[in-house]
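What follows is a short report on a single structure.
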Amino acid sequence: MTATEPSPAPSGGGGVTDYGVPHVAIIMDGNGRWAKQRGWPRLVGHRKGAERVKEIVRACPDMGVKWLTVYAFSTENWKRSTEEVLGLMSLFARYIQREADALSAEGVRMRFIGDRGPLDGKLRGLMDGIEARTAMNTRLNLTVAINYGGRDELRRAAVSLAAEIAAGRLAPEAITDAVIASHLDTAEVPDPDLVIRTSGETRTSNFLLWQAAYAEYEFTPTLWPDFNPAALAAILAQFGGRERRFGGVKG
Ligand code: FPP
């Protein structure tokens, strides 16, 4: 069997096919265009997008994906209309409230990355609550990026490192890659193996700038509300055939 052919699912139920891609990160793009194509408000696209998040989360463990990180709201997304920003924020709050039981039951540990400072206090409380409630779960690690930007994350890490140096707790020459990584929002999260962006755009848009240094990228024309577990499985199967050398030479 070649690396591009996924192993068949074991018989007798379960249907687990491990593609050997432990951490998938997704830039969920195209909700607005999906809604516009149908003459519907942009928020309808975001609501459909939230349903897709649920399906993908549910499907990941059976594909061998142990870590899933999704880009839900960037530091640049505040430039959108007040109606869209407030609509997205209430969608995040509703998702956390409605999905808490199901996520817990399915063994999902939920984390958030990004600067929580500017977020509404109620949403922050829900985020803290679900992180604490799911902290013991191990089946899937779901990380949601809200008010996240790679540059902003690096800036906040630099501020925190500078403060430690100023306080005499850290020597400048002691700053290694590992020390920087431990000051990022993703300190507890491994680097992504594969970053997928939907909707045909081929930009990284400030997502996981440090963490995705050696990630593979896959750009699919599918709009996020049309993306589903079968589309993810097809990408994972193809990814299995790619050789990752991390800067080394072909073996
Ligand atoms: C980008 O599409 C999408 C967003 C900025 C929002 C992503 C949010 C969700 C998928 C919904 C909920 C998420 C969770 C975690 C519950 P776009 O609006 O930029 O689309 P466009 O480029 O077609 O306008």
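Any read-out appearing in this document is the output of simple, stated calculations on the displayed coordinates, not a laboratory observation. This is a predicted model, so every value here is computed, not measured.
Structure notes:
- Across every direction, the projection of the convex hull enclosing the Cα atoms of the range 43-122 has a mean area of 5.8 nm².
- As a length-normalised measure over Cα pairs under 8 Å and 6 or more apart, the relative contact order of the range 100-251 settles at 19 percent.
- Principal axes of the range 149-251: Cα extent on each, largest first, Å: 52, 38, 21
- Calculated log₁₀ intensity ratio I(q)/I(0) where the Debye formula runs over C-alpha points of the chain, q = 0.10, 0.15 Å⁻¹: -0.52, -1.16
- Inverse of mean 1/r across different Cα pairs in the range 23-157, Kirkwood, Å: 15.4 Å
- The chain - mean residue ellipticity at 222 nm from DSSP helices (-39,500 (n - 2.57) per run, n ≥ 4, rounded to 500): -12500 deg cm²/dmol
- Volume per residue of the convex hull around the Cα atoms, evaluated for the range 101-180, comes out as 129 Å³.
- Whole-Å distance, taken between Cα centres, linking the range 129-192 and the range 92-121: 18 Å
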